[in-house]
Amino acid sequence: MTAAQPPEASASEAAGTRPPAVRLQGITKRFPGVVANYDVDLSVEPGTVHALCGENGAGKSTLMKIIYGMQKPDEGTIEVEGKHVTFHSPSDAIAVGIGMVHQHFKLADNFTVLENVVLGSEPGGPFRLDVEAARRRITEISDRYGLDVDPDPLVQHLGVGDRQRVEILKALYRGARILILDEPTAVLVPQEVDELFAALEELKAEGLTVLFISHKLDEVLRVADRITVIRRGTTVRTVTPAEVSSRQLAELMVGSELPSPQTTESTVTDRPVLTVENLTVRDEDGRALVDDVSFTIHAGEVLGIAGVEGNGQAELVDAIMGIRKAEGRVVLDGDDVSHVSTRHRREAGVAFIPEDRIRQGLLLEAPLWENVVLGHQTSVPNSRAGLIDRRKARAGTSQVVKDYDVRTPSIDVTASALSGGNQQKLIVGREMSGNPRLLLAAHPTRGVDVGAQAAIWDHLRRARAEGLAVLLISADLDELIGLSDSLRVILRGRLVAEADPATVTPEDLGAAMTGAGARTEGAA
Amino acid sequence: MTTATATPPPTATPDVEPPRTRAVLLRALALAVAALAVLSVTRVVSGAQDLTSSGTAGAALRLAIPIMLAGLAGLWSERAGVVNIGLEGMMVLGTWCAAYGSLHFGPWAGVLAGILGGAMGGLVHAMATVTFGVDHIVSGVALNLLGPGVARFLSSLLFTGSEGGGVTQSPQVEQPATFTVPWLSDALLSVERRRTFLLSDTAGVLRGLVTDVSWVTVLAVLLIPASIYVLWRTRFGLRLRSCGENPYAAESLGVNVYLYKYLAVVISGGLAGLGGAFLSLVATNIYREAQTGGRGFIGLAAMIFGNWRPGGLALGAGLFGFTDALQLRQGETSVHALFLALAIGLGLFGVWLVVRRRPVAGALSLVLAAGSLALFTLTDTVPAQFTSATPYVTTLLVLALASQRLRMPAADGLIYRKGTAK
Amino acid sequence: MSRLDPRRIGAALVAPVMAFVTAIVLSSVVLLIAGHAPTTAFRSMFDFGTQPDNMVNILNKSAGYYLSALAVAIGFRMNLFNIGVDGQYRLAAMCAAVVGAAVTLPGPLHIALIVLVAVVVGAVWAGIAGALKVYRGVSEVISTIMLNYIGTAIVAFMLTPQVFAELENNIVKTPELDSSAWFPGITTSGGEVYGFIVVSALVGLGYWFLLGRTRFGFDLRATGMSEPAAVASGVDVKRMVVASMLLSGGVAGLVGMPILLGASHSYGQDFPSGMGFTGIAIALLGRNHPIGVGFAAILWGFLDVSNQILDLEGIPKEIVTIMQGIIVLAVVVAYEVVRRWRINAEQRRVAAQLGGPQAPSSPSTSPAGVA
């Protein structure tokens, strides 16, 4: 960890010697129905780590895509190392030394690491791939920057941290001097974050410039030399870590008082709603993705499950919903539903907010009212005797739109016309409006702006007070700690630790999530 | 990335770099010997001498080639992420253009014309799917309707009025040259005549492969190793395959995904066109309506059977060609005998599947084996109308038994738009 | 309600109209290159096709085409491609003719039996493909096509004198159905229209009701739009696939009934083939909508009937086949273009009505996977 440099010193050093590594002036980008960036000004000094902060939907990703040549700005100029540039594709950006590590990794699972790294910049002639030369260079870069990357395995067999290092190596392989990292710590636990930051120090020592996009303010304050805040598509201010606290930074990002997810009094009863016993989900090769999991959720209780993505959370939720085959027992309010179909589980009062709202939660090309029927097409008021009651369904949809503040001109627009936050509100409203007994909420506020996030937390808290049992899966540790009555950690499909939300810290949770040994307070 | 088409889900079997060539060839050889043994046993037991004759082998080769070319066409396209159901339509264009080319400019011009005709069809498919983002299967179906329509129209314009020509067929055309390896051919013939177990069968099969073989066949066969080399050992191939695995990754690295998809689909059309040219110039010497007979689809089945790899595809095409050849020649006895071969083969396959811990597929295989054996013993011959359905039944069987362990390119069928990556 | 929003109807019509116009333009070009006058061709086609007796022919053809397209459309709504309608309807008609000729029953019962046999055979034949897909993961595109060829072989076998057929005037056909199985026609000034066209229309009505108003239809459409979302909502996809294929095949079985019960009264070598593939084209053109498909069926019938006049003008009538092919290709391209435009326009409209830019969501909304 580095102490922040006094801003004046580095600025005056840099100003006289080298031009900014990247300089954006007046950048504006519009998409149909929305202005993603408006009049953005950004100046990144060479050899520094410069952070770009903003909440979800503020326009950070679009800005990065513009710098990397994946989108063209409608207005404004880009300068790299003092020279004016125009990018028509990522190749142009790569050619001037810009490399990008995407938030959603761009790797082909069926290719080897080597194939993924060299794609587009292959050594050898047009008639023969020079695999040996590629392998040599990859190993050389890996050793030089301490990345520990093996060129031969298939990417599908690599874990998240390894994949990220492959992405970094991809950029370095192409001679990147300016590295853009888009939300790099979103999928890492605290220990892996430390490793990443150490790697960034190495890069800085070699003279590289890092542009670091994140909404995780404590990390940003740790690693960045300068911080630019972006809100609603435009730059707000550029500060140094010494000048601001985390809270002030957050307020710059949101522009108003921050909501907090803290729940106050306990509403946990002793009536069990969901009991899961020895639940095991296996993949095609017989490996356990969910391994002998047991827990109970009572009415009025929120059970949070913390874990790095890919440790079985998605499979656990799918198994409880009946979407995936599983061994073991699932008991809902005293009834054994282990072999009951998804439809019947829903009819028994299970609601589901899926992790991927587009894939599992919505019919994008259908109007809103049909999307509200989705998942409830066998229950009153939506249907009776096998027929869909349009009038009642539409009335119910109007109610959901009103109660959950879904911004839409009518209930006949197709779901694809709504913004992500409004889509999520619609889904939450739909699932809650059926008066469920159990709610499975996977990342319920992912990709949602702060205002909508607070509203969703409110709804969850209210329902919980009325006796709803909730299984909460989230990558947002603050959300988990704030909303949960009890907390468990999942690792490699097993529940490995229990924690008390009142006393546990994100670091404790992170340690348990990677199995790096537990401290006495936070571990089972 | 998941696909939008309704084809089998990906499984855990990884699609690795092509394994060491020598190991692959040894495995292929072992499989060939085993197959010959099964057929030899069948021949001796059932008395169907034509099973492994050089005539059948030669016919099998001739019938396998268009299927193989169609499958290769499908492979090139799907490896770049574009599903090409329109192979049938492109093949039809190939048959017509080849006949026309040969009629007016000679046989090899005909071959070239056939390739170009198919490539034009491929271009249309590429425009619809890549530029306009139409669903791949819908576009393919549209091409299958358009291709024969165009052929018919052009026939009415250009073939009517010529001797032997009409709306549904062309006049007789000149065929490209064939070759025979003389001394080898005669030597093998004498071994074949002796009818000894396994030796004569081998001789018969080998003789069919060196007698009266068209140079176009040689060209087609060479396209298999050529495809393997280009797709897996060159920069062009890597980029093309990346479009089928993760086009967004390719895009982010500066690969022009649209260009590679276009190239792949046009090449695909050209290969289908070559398959069509083979049908009208080599397999027969005339263009005839509906000459393709579904081979475009059987080719796709061969491609799936081969797990989207050229080697496996060739094997599948050989299998389909063999069954097709059998039914065309002494159909009634040979196909009947095939039931026995099928029973033995499926029985062995079923046992192997059960040992490999795949009981459902194994049980299915064994049940089919028993049924096949029953059919063999209870009937004497197979009626002529049914034998013509042999290749199609074979296709269904193969797909039913093999489909679930296959892995298609990860982004196959994905409607890709530049700039829409997350 | 917004159902009849003129903008909506306009948008729905743009694509097929565009496609038709493109087809006319391209065909005219082709005709000109071949040395013929397009205007003469189209005018004579129109004049010929609108004569009363030809209009009757058109209606009669469209009776079967409509059913074929509906069968295909049921599959399409579920993202299933039933290319096997052709084999299904011929096998169904064959079996129905054989059974029908073998029994004697009073009129309505006789017809009901024949229709029942046809529906069951068609459903079973398509059901094989459905089962293969659900239990063995076989793509229904290939399996239905293979079943087409196998069905043809079976029909060919059954259509031999030794089996179920007899030779009459150089044509092999099944024994003629008793007059009790003749479906009454509708007499008009131009001739007799198949009475079965009423049944076709009723099937269209049923299609609309089933898909739009029932829970089964909702499940079917949801599965077609997004399988994971449908699964999460409780739909049993395997059962849906089999049910849809059975339904599609059942309707396919009806395709041959107008002709069997209204004209030929037997199944012979001259029984029309290829109607299954026509159904695919018509379903695409009509965008799977019961009314759109109806119009498309009549259009197709018109093209089929009116092209006969071209022979007399010395114009190759195969130009119509090309027209039909171009229409299909152009319409799918046009639908895609219009769809994209409409989504963008809707996003713009929603943003404008809500007053200014919102938190940006994904710029494109292709359901093929963007956050």
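Computed from the coordinates by the stated procedures, all read-outs in this text should not be read as laboratory data. Here the structure is a predicted model, which means the values were calculated and not measured. Using ideal geometry, Cβ is built from the backbone for each residue, glycine included, and neighbour counts are taken over all protein chains shown.
Rounded, prolate or oblate for chain A? Axes are the square roots of the Cα gyration tensor eigenvalues, ordered a ≥ b ≥ c, and the cut-off for rounded is a/c under 1.5.
prolate
How far apart, in nm, are the 7 Å Cα→Cβ label points at A:Thr77 and C:Ile291?
5.8 nm
Would chain B count as rounded, prolate or oblate if I go by the C-alpha gyration tensor, calling it rounded below 1.5 in a/c and otherwise prolate when a/b exceeds b/c, oblate otherwise?
Taking the square roots of the gyration eigenvalues as a ≥ b ≥ c, chain B is oblate.
With an 8 Å Cα cut-off and a minimum separation of 6 or more residues, compute the relative contact order for chain A in percent.
Rounded, it is 15 percent for chain A.
Quick check on the exposure proxy: order C:His110, A:His102 from fewest to most C-beta atoms within 10 angstrom.
C:His110, A:His102
Need one value for A:361-374: mean number of C-beta atoms belonging to other chains within 10 Å of its residues' C-beta atoms.
Taking the mean over all residues of the peptide, I get 5.
Cα centroid distance between the range A:364-407 and the range A:115-154, in Å?
That distance is 53 Å.
To make sure I understand, if each residue's beta carbon is the centre and we count other beta carbons within 10 Å, what order do C:Ser233, C:Ser68, B:Ser200 fall in, fewest to most? Write down the numbers at each step before the final one.
On the way: C:Ser233 26, C:Ser68 31, B:Ser200 21.
By the 10 Å Cβ count, ascending, the order reads B:Ser200, C:Ser233, C:Ser68.
Do you know the relative contact order of the range A:346-389, to the nearest whole percent, from alpha carbon pairs under 8 angstrom that are 6+ apart?
29 percent.
Spelling out what I want: for every residue of the range C:127-133, take phi, set θ = phi - 60°, compute 6.51 cos²θ - 1.76 cosθ + 1.60 (Karplus), and round to whole Hz; glycine and proline get x.
Along the range C:127-133, the couplings run x, 4, 5, x, 5, 4, 5 Hz.
Search the structure for amide H atoms under 5 Å from the amide H of C:Gln269, placed 1.01 Å from N in the peptide plane, and list their residues when 5 or more places away or on another chain.
HN-HN under 5 Å from C:Gln269: C:Val172.
What's the center-to-center distance, using Cα atoms, between the range B:185-255 and the range A:483-497 in Å?
54 Å
Given Cα pairs under 8 Å that are at least 6 residues apart, what percent is the relative contact order of chain B?
It rounds to 31 percent for chain B.
From the phi of every residue in the range C:288-305, what ³J(HN,Hα) in whole Hz does the Karplus formula 6.51 cos²θ - 1.76 cosθ + 1.60 yield, where θ is phi - 60° and glycine or proline is x?
6, 9, x, 7, x, 5, x, 4, 4, 5, 5, 4, 4, x, 4, 4, 4, 6
Once each part is reduced to its C-alpha centroid, what is the distance from the range C:134-152 to the range A:306-352 in angstrom?
Using only Cα atoms, the two centres lie 35 Å from each other.
Can you figure out the FRET efficiency of C:Val14 with C:Arg349, using R₀ = 22 Å and their beta-carbon distance, to the nearest 0.05? Walk me through the numbers before you get to the answer.
Numbers: r = 17 Å, r/R0 = 0.78.
E(calc), rounded to 0.05, equals 0.80.
Can you work out the PRE-style zone for A:Val160? Point 7 Å along Cα to Cβ, and I want the residues of the range A:480-507 with backbone N under 17 Å.
Within reach of a label on A:Val160, which here means backbone N under 17 Å from a point 7 Å along Cα→Cβ, the range A:480-507 contributes A:480-481, A:488-497, A:506-507.
Among rounded, prolate and oblate, which fits the protein assembly as shown when a ≥ b ≥ c are the square roots of the eigenvalues of its C-alpha gyration tensor, a/c under 1.5 means rounded, and a/b larger than b/c means prolate?
Prolate, since a/c reaches 1.5 and a/b exceeds b/c.
³J(HN,Hα) across the range C:83-96 via Karplus (A = 6.51, B = -1.76, C = 1.60, θ = phi - 60°), whole Hz, x for Gly/Pro?
7, x, 4, 4, x, 5, 6, 6, 4, 5, 5, 4, 4, 4
Taking only complete DSSP H runs, can you tell me which helices of chain B stretch 20 Å or more along their own long axis by Cα positions and average at least 1.6 on the Kyte-Doolittle scale?
Numbers: long enough: B:21-46 (37 Å, 1.70); B:54-79 (35 Å, 0.84); B:87-105 (26 Å, 0.88); B:107-126 (28 Å, 1.27); B:136-158 (32 Å, 1.30); B:215-233 (26 Å, 1.78); B:257-278 (31 Å, 1.36); B:310-328 (26 Å, 0.98); B:331-355 (35 Å, 1.78); B:359-378 (28 Å, 1.91).
Taking the DSSP H segments of chain B (at least 20 Å long, mean hydropathy at least 1.6), we get B:21-46, B:215-233, B:331-355, B:359-378.
Note down the net charge around B:Leu206, summing +1 for each Lys or Arg and -1 for each Asp or Glu among other residues with Cβ under 15 Å from its Cβ.
Details: positive: B:Arg193, B:Arg194, B:Arg207; negative: B:Asp186, B:Glu192, B:Asp201, B:Asp212.
Charge balance near B:Leu206 sits at -1.
Less than 29 Å apart at the alpha-carbon level, and either on another chain or at least 8 residues along: which lysines does that give for A:Lys204?
Excluding near neighbours in sequence, the set is A:Lys60, A:Lys65, A:Lys72, A:Lys83, A:Lys106, A:Lys170, A:Lys216, B:Lys422.
Amide H neighbours of A:Gly304 under 5 Å, counting only residues 5+ apart in sequence or on other chains, H built in-plane at 1.01 Å?
The answer is A:Leu472, A:Asp485, A:Ser486, A:Leu487, A:Arg488.
Can you sort A:His88, C:His265, A:His50 so the residue with the fewest Cβ neighbours within 10 Å comes first? Display every interim value, and only then the final one.
Working: A:His88 9, C:His265 21, A:His50 24.
Sorted ascending by nearby Cβ count, the order is A:His88, C:His265, A:His50.
What does the charge dipole of chain C about its Cα centre add up to, to the nearest 20 debye, if the Cβ of each Lys and Arg holds +1 and the Cβ of each Asp and Glu holds -1?
Charge dipole, chain C, about its Cα centre: 1680 debye, nearest 20.
Evaluate peptide C:248-257: per residue, the Cβ atoms of other protein chains within 10 Å of its Cβ; return the mean as an integer.
0
What pairs in A:Lys29/B:Lys418; A:Lys392/C:Lys133; B:Lys418/C:Lys133 have C-alpha atoms more than 28 Å from each other?
In this structure, A:Lys392/C:Lys133; B:Lys418/C:Lys133 lie more than 28 Å apart at Cα.
How much mean residue ellipticity at 222 nm does chain C get from its helices, if each DSSP H run of length 4 or more adds -39500 (n - 2.57) and you divide by all residues, to the nearest 500 deg cm²/dmol?
-23000 deg cm²/dmol
Looking at the protein assembly as shown, what % of its DSSP beta bridges pair antiparallel, to the nearest 5?
Restricted to the protein assembly as shown, the bridges split so that about 60 percent are antiparallel.
Need the list of lysines near C:Lys61 for cross-linking: C-alpha distance under 26 angstrom, and skip anything on the same chain fewer than eight residues off.
Filter leaves C:Lys173, C:Lys317.
Relative to the Cα centre, what is the charge dipole magnitude of the range A:98-175, using +1 at the beta carbon of each Lys and Arg, -1 at the beta carbon of each Asp and Glu, and rounding to the nearest 20 debye?
260 debye
Per-residue mean of other chain beta-carbon atoms within 10 angstrom of the beta-carbon, peptide C:219-228?
5
Taking a virtual spin label 7 Å from the Cα of A:Asp39 along the C-beta vector, which residues in the range A:227-251 bring their backbone nitrogen under 13 Å of it?
A:233-236
Place a label point 7 angstrom from the Cα of B:Ser162 along the Cα-to-Cβ direction, then list the residues of the range B:284-298 whose backbone nitrogen is under 19 Å away.
In the range B:284-298, the label zone of B:Ser162 (backbone N under 19 Å from the point 7 Å along Cα→Cβ) covers B:284-292.
Arranged from highest to lowest average of other beta-carbon atoms within 10 Å per residue, in what order do the peptides C:269-275, B:360-366, C:78-84 appear?
C:78-84, B:360-366, C:269-275
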